[in-house]
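What follows is a single structure, written as structure tokens, with notes after it.
The values are calculated or read from the model by the stated rules, or taken from the named source; none is laboratory data. Note that the structure is a prediction, hence the values are computed from the model and not measured. Note: ideal-geometry Cβ built from the backbone for every residue, glycine included; neighbour counts use all protein chains shown. The protein model used for the area step is the full one, side chains on, heavy atoms only, and it has no ligands, DNA or RNA in it. Shrake-Rupley method; radii C 1.70, N 1.55, O 1.52, S 1.80 Å.
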Amino acid sequence: MTRLEGAPTDAVVPALTGEAGVRALVELLRGRRVVGLVGAGCSTASGIPDYRGPTTRNKARNPIQYRTFVGDDAGRRRYWARAVVGWPRFRESRPNPAHRALAELEQTGVIAGLISQNVDRLHHAAGSRRVVELHGALHEVECLACRRVETRDSLQARLLRLNPGWDRLGVEQAPDGDAELPLALVERFVLAGCEGCGGVLKPRVVFFGESVPPEVTADAWSLLDEAEVLLVVGSSLTVFSGFRFVRKAAQRGIPVAVINLGPTRGDPLVQLRVDDRVEQILPALAAGLA
Ligand SMILES: NC(=O)c1ccc[n+]([C@@H]2O[C@H](COP(=O)([O-])OP(=O)(O)OC[C@H]3O[C@@H](n4cnc5c(N)ncnc54)[C@H](O)[C@@H]3O)[C@@H](O)[C@H]2O)c1
Ligand SMILES: [Zn+2]
């Protein structure tokens, strides 16, 4: 039976763990230019939950859709009410050893750059320089009418003036700077508009149902062009905007390695799977390549 080049096979390589995983990664990455494709699993050790991890998988939680946000005052109120509660902890998150190892690997010339699906800006905080924020970051908001940009901290202060005490509600933190809140509370939340024109403000992140801006996609593709190995770090690859880089690498015959707890959508396309914690594997990898 013939197979199209780069097409998925049913054969998934067995996953390695621990030192065996590190050794195999060192062997694959040594002397090759690496591009990282990072997901939410890189930040769980910083206290930011993922969407589809071992403990989150069965939680029925639907992140807001772009249509709900732009088309509907109630949806927007619900988003911002939760976001105001979640922001203080989210912005206080600090890089973990995985982020620091990725920054070190860039400094030592192993990593050319990162395509990150995360919106937490922790790669920058760790010292990574070339980072394509594929889905944006929560640190700025933009007016949908006049495109004026405001920092999230500035908007947070305005929202707290309109909704005193909201930052002190004791509720569980959910993924991407969000939090769970009872509906009755949400209905009382007062929204803030653009300071320039009163228009609707949206965080500069790509919501579900929205596409990645073309200039960001172009940056990510040109970074991928430099890759001799694609290293996936803590992503289930469920979201197509990330998965497509794995697919393209496989089509081009570029080896793909994955460090992730549990299976990913890319598994049939990858040469090496390490099923272990990124905050343990990456520092060991950086040491092994030093
Ligand atoms: N930190 C953030 O900015 C953040 C957090 C949640 C969601 N998101 C957004 O939601 C989308 C989610 O897709 P995704 O693929 O990035 O995440 P995902 O939640 O679909 O997958 C995360 C994967 O990481 C694994 N994982 C969790 N902790 C790990 C660890 N310590 N070491 C190794 N693996 C670990 C999980 O098992 C899971 O397979 C992204 O596009 C992103 O924009 C961002
Ligand atoms: Zn405006």
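Here is the figure for segment 164-192: residues that are of a type outside the set (A, V, I, L, M, F, W, C), at pLDDT 65 or above and open to solvent by less than 40 Å² (accessible area, probe 1.4 Å) total 1. In summary, ALA250 fulfils each of the numbered conditions (1) open to solvent by less than 30 Å² (accessible area, probe 1.4 Å); (2) without any contact (Cβ under 8 Å) to a residue 24 or more places away in the chain; (3) not hydroxyl-bearing (Ser, Thr, Tyr) with the single exception of condition (2). When ARG161 is tested against (1) in contact with a helix residue (DSSP H, G or I) (Cβ under 7 Å, 6 or more places away or on another chain); (2) at pLDDT 95 or above, only condition (1) is not met.
Screening the candidates ALA81, ALA74 for the property of being more than 16 Å from ligand 2 (Cβ to nearest atom), more than 27 Å from GLY234 (Cβ to Cβ) and crowded, with 22+ Cβ neighbours inside 10 Å yields one hit, ALA81.
Restricting to segment 16-49, and then to whatever is within 10 Å of ligand 1 (Cβ to nearest atom) and in a strand (DSSP E or B), can you tell me which residue is farthest from GLN280 (Cα to Cα)? If we take residues in segment 16-49 being within 10 Å of ligand 1 (Cβ to nearest atom) and in a strand (DSSP E or B), then LEU37 is farthest from GLN280 (Cα to Cα). Listed by first and then second residue, the pairs linking a residue in segment 139-165 that is of a type outside the set (A, V, I, L, M) to a residue that is open to solvent by less than 50 Å² (accessible area, probe 1.4 Å) and part of a helix (DSSP H, G or I), with Cβ atoms under 7 Å apart and 6 or more places separating them unless they lie on different chains, are HIS139/ARG152; GLU140/ARG152; ARG152/TRP87; GLN156/VAL84; GLN156/TRP87; ASN163/VAL84.
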